[in-house]
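Structure, as structure tokens:
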Amino acid sequence: MQVKNAYTIFLSMTTNRSPVILVVDDTPANLLLLTQLLSAQSYDVRPVTQGTAALTAIRTIRPDLVLLDIRMPDMDGYEVCQQLKADEETAQIPVIFISALDDVEDKVRAFECGGVDYIAKPFQPLEVLARVRTHLALAQARKALEAANRELQRALAREAELARMDWLTGVYNRSHFYELARHEFAIATRYERPLTMCMLDVDHFKQINDRYGHLVGDQVLRAVAQTVAHQIRTADSIGRFGGEEFILLLPNTNLPSALTLAERLRVTIADLQVHTDRGIVTATISVGVAERQSTDTTIERLIDRADRALYAAKRQGRNCVVG
Ligand code: GH3
Ligand code: MG
Ligand code: MG
Ligand code: MG
């Protein structure tokens, strides 16, 4: 699992970019004081004097933190904070209210609007710095955790996908194919839709192994599987049934259409030239095709009929399709 990647992201997020702090206050003296205080700590400070301008700045600059005055003529701090929190893109930006309002109700309202902290004016510079530092660190840790979690989810999804694959040929393995097939079979039965199975087997594959060696044999298997996989529709599935045998599931496809597809696959594989260390190797396939019938009570019955059709194709001399 790529847990290491998640950790790398965490590290990259903790590199030294100056945090951007948006300071919003309609009183120029306050704004100047706060700007000087924070700039001295090498924060990247962006001063704004109005609520509406603050919202625009938040959306464009995406600051790491907002220091927000409450009483402002055009739009008060509560409103600014509410709008910022309502927008998914900016909702995670921490807002520290900084206001001369000193009633408990005012403070509580600030938290209810989504603020993370409240500083009363006149403020103590050291206290402002301490609170800013703390909330920046918390926001940073949260971002890193979220990024790590996203990466973890991606790694888990990749891992789950790999677990469904046949490692040699890159198509579904037998157990996952069965899972899919059972599901499609149930749907086809329930809604009385056509469903067709094709069983493919590489002809005289043992001879390919014997003549060129198993590694070349593996390469041929991969080429056959991938060529078939690229020819089918996205709704169709291909699985490795065993050794040099593959199985196709074609939802909403009746027998004549499946036979047409199978024939096209047969010709494509017969024309396929696999370039190997031992030169160009060719192969042919035999295909057995069976459409679900109302008497098929289980998927195994359908597979069994496709399998018998395949053996008929082998008996007919191989490199052919029987349905
Ligand atoms: P037929 O036309 O009747 O299908 O003949 P065949 O030789 O293809 O069939 P047989 O079942 O006799 O041989 C299949 C061979 O496939 C035997 C086995 O060693 C080989 N095989 C199975 N899995 C693999 C694999 O993963 N890699 C390689 N290289 N060979 C495999
Ligand atoms: Mg004010
Ligand atoms: Mg074979
Ligand atoms: Mg076989």
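The values are calculated or read from the model by the stated rules, or taken from the named source; none is laboratory data. Predicted model only: the values in this text are computed from it and were never measured. All Cβ positions, even for glycine, are placed from backbone atoms using ideal geometry, and neighbour counts span all protein chains on display.
Here are some notes:
- The selection criterion, being surrounded by 15 or more Cβ atoms within 10 Å (Cβ to Cβ), within 30 Å of Thr234 (Cβ to Cβ), modelled with pLDDT of 95 or more and in the same structural domain as Thr253 (by the TED database), holds for Ala181.
- For the criterion of being more than 16 Å from ligand 2 (Cβ to nearest atom), touching a strand residue (DSSP E or B) at 6+ places or on another chain (Cβ under 8 Å) and over 22 Å from Pro194 (Cβ atoms), Val220 passes.
- Residue within segment 90-105 that is closer than 22 Å to Pro19 by Cα and of a type in the set (Asp, Glu) present: no
- Leu248 satisfies every condition listed in (1) in a strand (DSSP E or B); (2) over 34 Å from the mean Cα position of the chain (by Cα) except (2).
Yes/no matrix, rows are residues, columns are (1) basic (Lys, Arg); (2) assigned by the TED database to the domain that holds Phe111; (3) within 32 Å of the chain's Cα centre (by Cα); (4) in a loop (DSSP other than H, G, I, E, B):
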| position | (1), (2), (3), (4) |
| --- | --- |
| Ile21 | no, yes, no, no |
| Asn30 | no, yes, no, no |
| Leu38 | no, yes, no, no |
| Ser42 | no, yes, no, yes |
| Ala53 | no, yes, no, no |
| Thr60 | no, yes, yes, no |
| Pro73 | no, yes, no, yes |
| Tyr78 | no, yes, no, no |
| Leu84 | no, yes, yes, no |
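- Residue in segment 199-209 that is away from ligand 3 (no atom under 14 Å from the Cβ) and either among the charged types (D, E, K, R) or within 34 Å of the chain's Cα centre (by Cα) (or both) present: no
- Residue list for segment 197-226, restricted to those being within 15 Å of Leu168 (Cβ to Cβ) and either more than 9 Å from ligand 1 (Cβ to nearest atom) or among the β-branched types (Val, Ile, Thr) (or both): Val202, Ile208, Val216, Val220, Arg222, Ala223, Val224, Ala225, Gln226
Here is a yes/no grid of residues against (1) touching a residue at least 60 places away in the same chain (Cβ under 8 Å); (2) within 13 Å of ligand 2 (Cβ to nearest atom); (3) aliphatic (A, V, I, L, M):
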position: Thr35; (1), (2), (3): no, no, no
position: Ser39; (1), (2), (3): no, no, no
position: Arg46; (1), (2), (3): no, no, no
position: Gln50; (1), (2), (3): no, yes, no
position: Ala57; (1), (2), (3): no, no, yes
position: Arg62; (1), (2), (3): no, no, no
position: Leu68; (1), (2), (3): no, yes, yes
position: Val80; (1), (2), (3): no, yes, yes
position: Lys85; (1), (2), (3): no, no, no
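- Residues (of a type in the set (Lys, Arg) and away from ligand 4 (no atom under 16 Å from the Cβ)) located in segment 159-216: Arg164, Arg182, Arg190, Arg193, Arg211
- Any hit, segment 227-235, residues being among the aliphatic types (A, V, I, L, M), without any contact (Cβ under 8 Å) to a residue 60 or more places away in the chain and in a helix (DSSP H, G or I): yes
- Identification of strands (runs of 3 or more DSSP E) wholly contained in segment 258-314 with 1 or more residues that are loosely packed, with under 13 Cβ neighbours inside 10 Å yields 274-276, 279-281.
- Within segment 280-294, residues that are touching a residue at least 12 places away in the same chain (Cβ under 8 Å) and under 23 Å from Pro256 (Cβ atoms) sit with their Cβ atoms under 6 Å from residues that are within 16 Å of ligand 3 (Cβ to nearest atom) and of a type in the set (Asp, Glu), at 6+ positions apart or across chains, in these pairs: Thr284/Asp203; Ser286/Asp201; Ser286/Asp203.
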